[in-house]
Amino acid sequence: MNPTGNSPKILVTGGAGFIGSHTVVSLVEAGFEPVIVDDFSNSERSVLDGLRKILGRDVTYYPANCNDASAMEAIFQNESFTGIIHFAAYKAVGESVQQPLKYYRNNLDSLMLLLELMPKYGVQNLVFSSSCTVYGQPEHLPVTESTPRLPAQSPYGNTKAISEDIIRDTVTANQPIKALALRYFNPVGAHPSAEIGELPLGVPANLVPFITQTAAGIRPSLTVYGNDYNTPDGTCIRDYIHVVDLAEAHVQALRKLSESSANASYDVINIGTGRGETVLNIIKTFEQETGVTLNYTIGPRRPGDVEQVYADVSKANQMLDWTASRSLAESLRDAWRWQQKIS
Ligand code: WQD
């Protein structure tokens, strides 16, 4: 399918990343024309080959940094976007504690630059990549969007909370922007074609890529960070959502913004499955689905981990007309297929 002149163009910053690349696929499948801006600082150019194999066509991309004002302005002049999905951000929780200014500078400046360029070039619709990390350890579960945000557990998490406020205040100042901040829970899995997936740089911080690398023999064993929590089996609970379900939620968010006649609007929406799963159940499900016996040990808690968090997704169901449809088993099968492909 070649780019057709009349498909609405969507700027996808960080479009070569894990969630960004899967969203590019869903955008094309929904009749949009994605334009990727990515400096490949946390992704690989090979993702573009994977996208070409899935889509049977090239996707326009600009190898630029979202903080480069002249490069971004030139891109807005060169394209005529009807919307933006802003993924580009540093997202390593641990690194953000070591290098907070790098995170505040990169994650906040890139957002503010977009918010300045949007009214200048008549781009009204913004979908922003936020995170459930803004909830910290919620008092009540499942978390709804009115659950109060708690002080961030990391500078990374703080950049997401501050970004939400920057967008809200910009909209309140009556800039002609309609924005939705999607608070992700735990994205996992890979495209069923195994042409794109998660590419953790270095030692994975996240659970599922560490599981698949252990199963592939890249890591000798997985350490479960604590089994003395107040949960059914003592391990932490999270809401693991298939990355393609998450990608499709972005398309729905964009559609709803495009359909809205408001001059300016801002809202936040939880994007999860609504189900909480323990770490040990992730391991058990992975072993059942793949037939691989995982080598793991129980270690000490990881500082900063919340005990349990999972989403109330009724707002996403109603407002976006969207529900996560893929099971945990499917997520883990897809993650494993991808790991086998890249190993
Ligand atoms: C999940 C569970 C760990 C690794 C983070 C960010 C969040 C978002 C998703 C960016 C926890 C346990 C993990 C391991 C383990 N990122 N675990 N052994 O911490 O819920 O969320 O990633 O937006 O903002 O905070 O995800 O996958 O790191 O951990 O036992 O080797 O798995 O303790 O309970 P987390 P995670």
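The values are calculated or read from the model by the stated rules, or taken from the named source; none is laboratory data. Just so it is clear, the structure is predicted and the values come from calculations on it, not from any experiment. Because the Cβ atoms are built from the backbone with ideal geometry, glycine has one as well, and the counts that use them run over all protein chains shown. For the accessible areas, the whole protein counts, side chains as well, though only heavy atoms, and no ligand, DNA or RNA atoms are used. Shrake-Rupley method; radii C 1.70, N 1.55, O 1.52, S 1.80 Å.
Data for the structure
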| read-out | value |
| --- | --- |
| In segment 253-276, the residues that are more than 23 Å from Thr170 (Cβ to Cβ) and either under 14 Å from the mean Cα position of the chain (by Cα) or crowded, with 23+ Cβ neighbours inside 10 Å (or both) | Gly272, Thr273 |
| Search result, residues across segment 161-171 that are open to solvent by 10 Å² or more (accessible area, probe 1.4 Å) and either within 16 Å of the ligand (Cβ to nearest atom) or at pLDDT below 95 (or both) | Ala161, Ile162 |
| Filtered residues of segment 172-198 (kept if part of a loop (DSSP other than H, G, I, E, B) and either away from the ligand (no atom under 16 Å from the Cβ) or out of contact with any helix residue (DSSP H, G or I) (no Cβ under 7 Å at 6 or more places or on another chain) (or both)) | Ala173, Asn174, Gln175, Pro176, Ile177, His191, Pro192, Ser193, Ala194, Glu195, Ile196 |
| Ala30 being under 21 Å from Ala253 (Cβ atoms) and either among the small types (Gly, Ala, Ser) or in contact with a Ser or Thr (Cβ under 8 Å, 6 or more places away or on another chain) (or both) | yes |
| Residue match in segment 206-223 (condition: near the ligand (Cβ under 8 Å from one of its atoms) and more than 23 Å from the chain's Cα centre (by Cα)) | yes |
| Residue selected from segment 280-338 under the condition within 11 Å of the ligand (Cβ to nearest atom) and of a type in the set (Lys, Arg), by the criterion nearest to Phe18 (Cα to Cα) | Arg302 |
| Leu111, sole failed condition from (1) hydrophobic (A, V, I, L, M, F, W, C); (2) closer than 24 Å to Lys160 by Cα; (3) surrounded by fewer than 21 Cβ atoms within 10 Å (Cβ to Cβ) | (3) |
| Positions within segment 1-27 being under 18 Å from Val188 (Cα atoms) and touching a Ser or Thr at 6+ places or on another chain (Cβ under 6 Å), in sequence order | Ala16, Gly17 |
| Qualifying helices (runs of 4 or more DSSP H) (wholly inside segment 1-103; at least 2 residues being crowded, with 23+ Cβ neighbours inside 10 Å and of a type in the set (S, T, N, Q)) | 18-29 |
| Listing of strands (runs of 3 or more DSSP E) fully contained in segment 235-332 that carry 3 or more residues being of a type in the set (D, E, K, R) | none |
| Residue match in segment 259-270 (condition: in contact with a Cys (Cβ under 9 Å, 6 or more places away or on another chain) and not aromatic (Phe, Trp, Tyr)) | yes |
| Among (1) out of contact with any Pro (no Cβ under 9 Å at 6 or more places or on another chain); (2) crowded, with 21+ Cβ neighbours inside 10 Å, the one test that Asp239 misses | (1) |
| Flag if Asn158 is open to solvent by 20 Å² or more (accessible area, probe 1.4 Å) and either over 27 Å from Ala316 (Cα atoms) or within 16 Å of the ligand (Cβ to nearest atom) (or both) | yes |
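Each row is one residue, and each column tells you yes or no for (1) crowded, with 22+ Cβ neighbours inside 10 Å; (2) more than 23 Å from Ala181 (Cβ to Cβ).
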position: Pro300; (1), (2): no, yes
position: Glu307; (1), (2): no, yes
position: Asn317; (1), (2): no, no
position: Asp321; (1), (2): no, no
position: Glu330; (1), (2): no, yes
position: Trp336; (1), (2): yes, yes
position: Gln339; (1), (2): yes, yes
